[in-house]
Amino acid sequence: PGSFFFDIDVVAAVGSKLPHMLPSVEDFETAVSALGIGNETQIIVYDSNQFMASARVWWMFRIFGHENIRVMNGGLTHWIAQGYPLNSEITTPKAHAFSARFNPELVRSFSAMEKISSDASATILDARPLGRFLGQDPEPRPGLRSGHIPGSHSLFFQRLLDPQSRRFLSKDALHAVFKEIHVEPGESLVATCGSGVTAAIIALALAELGHPNTPIYDGSWSEWGLPGPHVVATGTSFSTSSE
């Protein structure tokens, strides 16, 4: 009750051939203002699909300068399981002025990822399933090559969630997951995935561990996996997971 719908496929870059890329500052301001959100508004975001939209929305607001945002752990599924009320009413928000301040430190471009892959200046974490990372399973989007960015680690996002509740693991368990793939949460990291969505789940998990500023490669595999001269690696993963 009282919630509003935020569509990551609508609040996105106009005319981009890549899915749900970040919109311009002006377009984000317009969309958020129409939802009745101002710079002083506290936001709680949720979804019904294992953080796949809510984590992206959390990251988007933060990249546009709004830090007063929280994600509901477990989302709508947990809300329902706890017996809290639902309704189907559509509430019309009252427009409110919102001023965005873009933070470039929270996003990485294709050229930045080429440099990181080459000089290992940061550790790249890939949130896709291991089969796609290794190049054994095809990509769901047509026209993309199979494999991963050279030098990256596989960290399938579902490893960060409890398999029953689909809430985040405890902090100790999260630390154990990162330790298993030989990654220290406090080191320089960048998250990637298929299209910049589940990468935000890695960034959110790291924020839970006290490291809130992990950048995301917005184009992710939807961009890197396109045909071109840049290298696509296959095979060996730094992860020890069998998922």
> Can you find a residue in the range 210-228 that is more than 19 Å from Val107 (Cβ to Cβ), outside any loop (DSSP other than H, G, I, E, B) and not basic (Lys, Arg)?
Replying inline: no
>> Among the numbered criteria (1) modelled with pLDDT of 95 or more; (2) assigned to a loop (DSSP other than H, G, I, E, B); (3) more than 19 Å from Gly194 (Cα to Cα), which one does Pro23 miss?
In response: (3)
> Restricting to the range 13-34, what's the tally of residues that are more than 13 Å from Phe61 (Cα to Cα), out of contact with any helix residue (DSSP H, G or I) (no Cβ under 6 Å at 6 or more places or on another chain) and hydrophobic (A, V, I, L, M, F, W, C)?
Replying inline: 4
> What about Ile63, is it crowded, with 19+ Cβ neighbours inside 10 Å, assigned by TED's automatic domain parsing to the domain that holds Val197 and within 30 Å of Val231 (Cβ to Cβ)?
Replying inline: no
>> Looking only at the range 164-192, filter to residues that are of a type in the set (Ser, Thr, Tyr) and in a loop (DSSP other than H, G, I, E, B); which one of those is farthest from Ser117 (Cα to Cα)?
In response: Ser165
>> Here is a list: Ile80, Ile44. Which entry is of a type in the set (Val, Ile, Thr), outside any loop (DSSP other than H, G, I, E, B) and within 18 Å of the chain's Cα centre (by Cα)?
In response: Ile44
>> Looking at the range 83-109, I want the residues that are closer than 21 Å to Leu204 by Cα and have a partner that is exposed (fewer than 11 other Cβ atoms within 10 Å of the Cβ) and aliphatic (A, V, I, L, M) with Cβ atoms under 7 Å, at least 6 apart or on another chain. Which pairs are those?
In response: none
>> Tell me yes or no: at least one residue of the range 36-57 is modelled with pLDDT of 95 or more, hydrophobic (A, V, I, L, M, F, W, C), at negative phi and touching a Ser or Thr at 6+ places or on another chain (Cβ under 6 Å).
In response: yes
> Name the residues in the range 115-135 that are surrounded by fewer than 16 Cβ atoms within 10 Å (Cβ to Cβ) and either in contact with a helix residue (DSSP H, G or I) (Cβ under 8 Å, 6 or more places away or on another chain) or not in a loop (DSSP other than H, G, I, E, B) (or both), would you?
Replying inline: Lys115, Ser118, Asp119, Ser121, Gly131
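The values are calculated or read from the model by the stated rules, or taken from the named source; none is laboratory data. Here the structure is a predicted model, which is why all the values come from computation and not from measurement. Note that we place each Cβ from the backbone using ideal geometry, even for glycine, and neighbour counts take in every protein chain shown.
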